[in-house]
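Visitor: My structure is below; once you've seen it, I'll send some questions.
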Amino acid sequence: MQITTNKIDSANAKINAAITRGTIDSNIEKIANQLSKEAKIAGFRKGKVPVSAVKKQYGERLIQDAEAQALRDLLSAGLQEMAIAADALIGEPQIAKFEKNDNGIDVEVIIATRPAIELGDYAAMVPEVAKPSIDDAAITARIEELASAQAPLVNVDEDRALVSGDTALLDFEGFVDGEAFEGGKAENFSLRLGSGQFIPGFEDQVIGMKKDEEKTIDVTFPENYGGAKLAGKPAQFKVKIHAIQAKEAVTIDDELAKKMLPGFEDANVDMLKEKVKEQLQSEAMSALYNDELKPNLMEAFVSAFTIDLPEFIVEQEMDMALNKKARDLSEAELEELRNDAEQVKAMRETFRDDACRAVKATFIVDALAKAENIIVNEQELMQTIYFEAMQMGQDPAAVYKHYQESGYLPAIQMAMIEDRVLSKLLNDKIKEA
């Protein structure tokens, strides 16, 4: 077997070989001899089966096994010649050529390896992170918001108009084309203005009304409204206000602190403000990390590092992007593409830059994770998916199985690793405000 190797770069290599007929025949003999000791063939005792009987029984399978063994041998020899460790391979080797002829088989195998990445002083690329400052007004506003959510509704005695945030106790009856419609009437209905509970325009026109006031409100049902008879139709609602209600006024004192911090016997206003400040700061940091710092840092790494990319992985990424695009196309657009291979090729090529960036980012994150000793094991991955599924009211086991069968788990795991890597690097650069 003649082998030629070509190590294109740190991520791509090719092995070309001419597998001779003699190599295939030799492999057939070895496999047949082994089977003669193990196979059960009618008319022969186990271990006493003639090689000729094995060849007759397993003819085509012997040839396939012999060819497969030749492929494994040439791959092993090629990797050894290029000094590439087997565990450095990414994915399965791609058989780009497998042409049988009278002399044997001409083969070309394309392999991808984990690219070499010189990270250098990557920590120096991470910017300093200043903790967001939280002022007293924001703390007070959050305490009032939290307390108000639990406060009871009380009737407003003063003679004033309804404002957003108030709750209106009202009667209403709706009409389309002058006729009342089913489900369009209620009495003493409690409507919090600004909740978006009613169709667009209704609550806006209730704002400004006073107790005992009556009014006809003109609205139009949305085109995508659930009831086909009402969708897109103009309607009139007769409305009468019986009462205006608002949340009971909040007093920020030690008594409130004890209610809001039930686990702390010595809870007081200062402690409550400190806890709320920590919460607001955590929310602000999370938003800063996710909206700005993490994306910018990842972009900086991708721009700074030059690495070789496994070609077939880039191609796979392009294929996935193309398939995703196809799902968003109309049937007419898909039909046009089916009849124009060049257009498909051109569309696929538009995804190359993004595919290269995505693959590059994946390998950079992988290298950084190794440098920072960050891993996400299968148990952590499962726990994360289960927790998020439960929060969404979904069956955790079913969601995990769906991700597993769809091949999404590696991508989810890598996203978790990326998040942890970037968070750790940024956390190391935090300075107090």
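The values are calculated or read from the model by the stated rules, or taken from the named source; none is laboratory data. What you are looking at is a predicted structure, and each value in this text was computed from that prediction instead of being measured. Cβ coordinates were reconstructed from backbone atoms using ideal geometry, including for glycine residues, and neighbour counts include every protein chain displayed. These accessible areas exclude ligands, DNA and RNA; they are computed on the full protein's heavy atoms, side chains included. Shrake-Rupley method; radii C 1.70, N 1.55, O 1.52, S 1.80 Å.
Visitor: Just to be sure I understand the filter: pairs with C-beta atoms under 8 Å, separated by 6 or more residues or on different chains, first member in segment 406-418 and without any contact (Cβ under 8 Å) to a residue 60 or more places away in the chain, second member charged (D, E, K, R). Which pairs pass?
Guide: Qualifying pairs under 8 Å: 414/366; 416/380; 417/366.
Visitor: What pairs come out if I take residues in segment 195-210 that are of a type in the set (D, E, K, R) and pair them with residues that are surrounded by fewer than 16 Cβ atoms within 10 Å (Cβ to Cβ) whose C-beta lies under 6 Å away, six or more apart or interchain?
Guide: As it stands, the answer is 210/161, since those pairs meet every condition given.
Visitor: Now, a different point. Which residue out of 62, 75, 71, 79 is farther than 30 Å from residue 367 by Cα, open to solvent by less than 70 Å² (accessible area, probe 1.4 Å) and either in contact with a strand residue (DSSP E or B) (Cβ under 9 Å, 6 or more places away or on another chain) or in a strand (DSSP E or B) (or both)?
Guide: Values: 62 fails: either in contact with a strand residue (DSSP E or B) (Cβ under 9 Å, 6 or more places away or on another chain) or in a strand (DSSP E or B) (or both); 75 fails: farther than 30 Å from residue 367 by Cα; 79 fails: farther than 30 Å from residue 367 by Cα.
When all the criteria are applied, what remains is 71.
Visitor: Please go through segment 264-292 and pick out each residue that is over 20 Å from residue 134 (Cα atoms) and open to solvent by 70 Å² or more (accessible area, probe 1.4 Å). Step through it out loud before you land on a result.
Guide: Let us first name the residues in segment 264-292 that are over 20 Å from residue 134 (Cα atoms), namely 264-267.
Residues satisfying the conditions are 264, 265, 266.
Visitor: Can I ask one more? For segment 82-111, how many residues meet the condition of being under 30 Å from residue 297 (Cα atoms), among the hydrophobic types (A, V, I, L, M, F, W, C) and either touching a Leu at 6+ places or on another chain (Cβ under 7 Å) or assigned to a loop (DSSP other than H, G, I, E, B) (or both)?
Guide: So the answer is 1.
Visitor: Return only the number of the condition from (1) closer than 24 Å to residue 144 by Cβ; (2) open to solvent by less than 50 Å² (accessible area, probe 1.4 Å); (3) at pLDDT 90 or above that residue 219 does not satisfy.
Guide: Residue 219 satisfies every listed condition except (1).
Visitor: Under the condition of being more than 26 Å from residue 309 (Cβ to Cβ) and aliphatic (A, V, I, L, M), which residue from segment 338-389 is surrounded by the most Cβ atoms within 10 Å (Cβ to Cβ)?
Guide: That would be 385.
Visitor: Test each condition in (1) farther than 27 Å from residue 84 by Cβ; (2) surrounded by fewer than 18 Cβ atoms within 10 Å (Cβ to Cβ); (3) out of contact with any strand residue (DSSP E or B) (no Cβ under 8 Å at 6 or more places or on another chain) for residue 21 and report the one that comes out false.
Guide: (3)
Visitor: Quick one: which residue in 140, 167 is in contact with a strand residue (DSSP E or B) (Cβ under 7 Å, 6 or more places away or on another chain) and among the hydroxyl-bearing types (Ser, Thr, Tyr)? So that I can check it myself, show each step before the final result.
Guide: Numbers: 140 fails: in contact with a strand residue (DSSP E or B) (Cβ under 7 Å, 6 or more places away or on another chain).
After applying the criteria, what remains is 167.
Visitor: Output yes when any residue across segment 34-57 is surrounded by 17 or more Cβ atoms within 10 Å (Cβ to Cβ) and within 27 Å of residue 316 (Cβ to Cβ), and no when none is.
Guide: Scanning segment 34-57 turns up no residue that is surrounded by 17 or more Cβ atoms within 10 Å (Cβ to Cβ) and within 27 Å of residue 316 (Cβ to Cβ).
Visitor: Within segment 134-196, which strands (runs of 3 or more DSSP E) (wholly inside it) include 3 or more residues that are open to solvent by 60 Å² or more (accessible area, probe 1.4 Å) and at pLDDT 90 or above? Walk me through how you get there before you give the answer.
Guide: Details: elements: 153-155, 167-176, 179-192.
Per the criteria, 179-192.
Visitor: What are the pairs, 6+ residues apart or on separate chains, where a residue within segment 19-30 that is of a type in the set (D, E, K, R) has its Cβ under 7 Å from a residue that is exposed (fewer than 13 other Cβ atoms within 10 Å of the Cβ)?
Guide: Note: pairs meeting the criteria are 21/103.
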